[in-house]
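Input: a single structure, listed below in structure tokens.
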Amino acid sequence: MIALVIGLVALPLVGAVAHLLGARTRTAGLLTAVGGAGAVGCAVALAVLCTRNGSYQALGGFIYVDPLSAFFAITVAIVVALAGLGSIGYLQTEQERGELSALQVKLYVVFFALFAALMLASLETGSLGLLWVLIEASTLASAVLVALEARSSSFEAAWKYIIISSFGVTIALVGTLFLFYAASALPLGASQRLNWPVLFAHAHALQHDSLKLGFLLAVVGYGTKVGLAPMHTWLPDAHSEAPSPASAMLSGALLNTGMYAIIRFQAIAGVDLGRYTQRVLLVFGFASIAIGALFMVRSGNFKRLFAYSSIEHMGIIAVALGFGGVLGYYGALLHTLNHAIGKSVLFLCSGEIVLRYRTRMATRVRGLLGAAPLLGAVLLLGSLAIVGSPPFGLFLSEFTIVRAGFASSGPVFAFALLALLVLAFIAFMRTTADMTVGDRGHATMDMTGGDGVGEGVARAEALPLRVSSVLPLVAGLAALLVLGVWIPGGLNQLILHSIGAIR
């Protein structure tokens, strides 16, 4: 099993190593995508082994993999594979146009790989201290991607991202220290007091006041990384300014690693403080859904629209965890996977739109179904999927979460969730429907790349759709459709075993 653990982290680095050794951009991109696919294979193999044999640990618990780790590793690895494949067309097009220098391409390939490897590594440790270090390191690696295009707005977004995320992760460190202190009365070594499986096994003996404060600080701290309101303010800027494949990584993978950390803390604190942890997550979850949905109403930048949608969906997952029970946890994990795939599709599609229209403003993109039929179809279907329309996977996961609300918290919270989901549906589809089927009117071509609302409707440039760009879009939509009508038996068992690991 140790070979799979190492392979999961090492394979995404293959493309970066090849590029540093002189491989061309296309070759390095292909190797990055292949490495991501290999990471998916390693994650699936780990999931099978953990489902059959239980957890695996080595090096005194610093390496630890259980079904929950394997599940999140699969979601992150899938996003890495999709975004790695989508990066090929982005890098080639921007390099041919002269928008990216050779140095910028090298920085992208190297830090994309580091970002992926650090996120996957954070899912393979049983040490809450090492988890914190790896998540903080992933922030620094991804900040380079946010600032890559070297616009003033990109630098501002990257700086804001570093400051707010680092402050949040510092709060998470304080929460981790309070958890360490909560175990001070136990006959454990120093390293064991930050070991997740050990703390989970001794959760009944932890000091309650320190545990309460530690959990709250962890939710605030890692919630900053997740984008939970009101710690979400970095997310729309970073997601909208980063290259679109990097935006897919931020939304589909990075947010999941932060949620993974929160779930680990909830598992420990929830043994004796179950109602308290649920109330905390319900408060942050509903606040996030409300803010995400309301800001979607007035978002003119379609990448920012997708970013606010991510805030909403992280809130949905937090609410599901707050509802609790097998249904709540099942819905939360299934939604994590569905959202990761769906948002990857939308951000990669948005990247192709930006390359053709040279704008991020939704008001400047009209009639996409006529101008670029495949992209228009992907945007429309991806939008329907992400707002929870049947027969896509997010409908099934949201339906499961609403059922959990009725079962555990009563009709008030469940109906409140339904009302917010309807608001988010209207706000999101209002923008993307105009982009896909709206009247193009008198198209004008803006060669400056300006994002001004008053510049008129842009005309699409005639760029060929590369196979590397089409494949992740089609594969992602196909996966969401399958997950909406059928949950494979292996995935069902993995989710159930993941729930068993934290309850």
Q: Note down all Cβ pairs under 6 Å where the first residue falls in the stretch 382-402 and is in contact (Cβ under 8 Å) with a residue 24 or more places away in the chain, the second is of a type in the set (D, E, K, R), and they're at least six residues apart or on different chains.
A: 388/398
Q: Working only within the stretch 403-432, note down all residues that are in contact with a helix residue (DSSP H, G or I) (Cβ under 7 Å, 6 or more places away or on another chain) and free of Cβ contacts under 8 Å to residues at least 24 places away in the same chain.
A: 406, 414, 418
Q.
Tell me whether the stretch 326-348 contains one or more residues that are in contact (Cβ under 8 Å) with a residue 24 or more places away in the chain, closer than 26 Å to residue 434 by Cα and hydroxyl-bearing (Ser, Thr, Tyr).
A. yes
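Going by the conditions given, is residue 65 surrounded by fewer than 17 Cβ atoms within 10 Å (Cβ to Cβ), touching a residue at least 24 places away in the same chain (Cβ under 8 Å), among the β-branched types (Val, Ile, Thr) and more than 17 Å from residue 472 (Cα to Cα)? Break it down stepwise before answering.
Numbers: surrounded by fewer than 17 Cβ atoms within 10 Å (Cβ to Cβ): no; touching a residue at least 24 places away in the same chain (Cβ under 8 Å): yes; among the β-branched types (Val, Ile, Thr): yes; more than 17 Å from residue 472 (Cα to Cα): yes.
When the stated conditions are applied, residue 65 does not pass them.
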Q. If you go through the stretch 126-184 one residue at a time, how many are polar (S, T, N, Q) and buried (at least 18 other Cβ atoms within 10 Å of the Cβ)?
A. 7
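Conditions (1) outside any helix (DSSP H, G or I); (2) of a type in the set (A, V, I, L, M), marked per residue:
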position	(1), (2)
157	no, yes
167	no, no
173	no, yes
180	no, no
185	yes, yes
190	yes, yes
198	no, yes
Q.
Being over 28 Å from residue 494 (Cβ atoms) and in a helix (DSSP H, G or I) narrows it down to one residue among 377, 332, 340, 385; which is it?
A. 377
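Of these, 24, 97, 52, which one is within 22 Å of residue 264 (Cα to Cα) and of a type in the set (Lys, Arg)?
The match here is 52.
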Q.
Scan the stretch 361-369 and tell me whether some residue there is surrounded by fewer than 24 Cβ atoms within 10 Å (Cβ to Cβ), in a helix (DSSP H, G or I) and free of Cβ contacts under 8 Å to residues at least 24 places away in the same chain.
A. no
Q | Any hit, the stretch 267-287, residues being within 18 Å of the chain's Cα centre (by Cα), over 27 Å from residue 197 (Cβ atoms) and touching a residue at least 12 places away in the same chain (Cβ under 8 Å) | A | no
Q) Which condition number in (1) under 17 Å from residue 111 (Cα atoms); (2) modelled with pLDDT of 95 or more; (3) in contact with a Leu (Cβ under 6 Å, 6 or more places away or on another chain) is the one that residue 33 fails? A) (2)
Q | Residue check, residue 399 surrounded by fewer than 22 Cβ atoms within 10 Å (Cβ to Cβ), under 21 Å from residue 324 (Cβ atoms) and either under 23 Å from the mean Cα position of the chain (by Cα) or at pLDDT 95 or above (or both) | A | yes
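For the stretch 410-435, how many residues are over 21 Å from residue 291 (Cα atoms) and crowded, with 23+ Cβ neighbours inside 10 Å?
1
Somewhere in the stretch 438-446, is a residue at pLDDT below 80 and hydroxyl-bearing (Ser, Thr, Tyr)? It would help to see each step written out before you state the result.
Quick first cut of the stretch 438-446, residues at pLDDT below 80 only: 438-446.
Those left that are additionally hydroxyl-bearing (Ser, Thr, Tyr): 444.
Yes, because at least one residue in the stretch 438-446 is at pLDDT below 80 and hydroxyl-bearing (Ser, Thr, Tyr).
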Q. Can you tell me which residue in the stretch 1-13 is nearest to residue 69 (Cα to Cα), limited to those that are crowded, with 16+ Cβ neighbours inside 10 Å and free of Cβ contacts under 8 Å to residues at least 60 places away in the same chain?
A. 4
Q.
If I ask for residues that are charged (D, E, K, R) and closer than 16 Å to residue 252 by Cα, which ones from the stretch 196-236 would you list?
A. 225
**Q.** Identity of the residue in the stretch 104-125, more than 21 Å from residue 43 (Cβ to Cβ) and among the hydrophobic types (A, V, I, L, M, F, W, C), that ends up surrounded by the fewest Cβ atoms within 10 Å (Cβ to Cβ)
**A.** 107
Q: For residue 407, state whether it is surrounded by 21 or more Cβ atoms within 10 Å (Cβ to Cβ) and of a type outside the set (Ser, Thr, Tyr).
A: no
Q) Out of all the residues in the stretch 197-207, is one or more at pLDDT 90 or above, in contact with a Ser or Thr (Cβ under 8 Å, 6 or more places away or on another chain), of a type outside the set (Asp, Glu) and closer than 18 Å to residue 276 by Cβ? A) yes
Q | helices (runs of 4 or more DSSP H) (entirely within the stretch 201-280) containing at least 2 residues that are among the aromatic types (Phe, Trp, Tyr) and either buried (at least 24 other Cβ atoms within 10 Å of the Cβ) or in contact with a Gly (Cβ under 8 Å, 6 or more places away or on another chain) (or both) | A | 208-226
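The values are calculated or read from the model by the stated rules, or taken from the named source; none is laboratory data. Please read all numbers here as calculations on a predicted model, not as lab measurements. Here the Cβ is made from the backbone with ideal geometry for all residues, glycine too, and neighbour counts use every protein chain on show.
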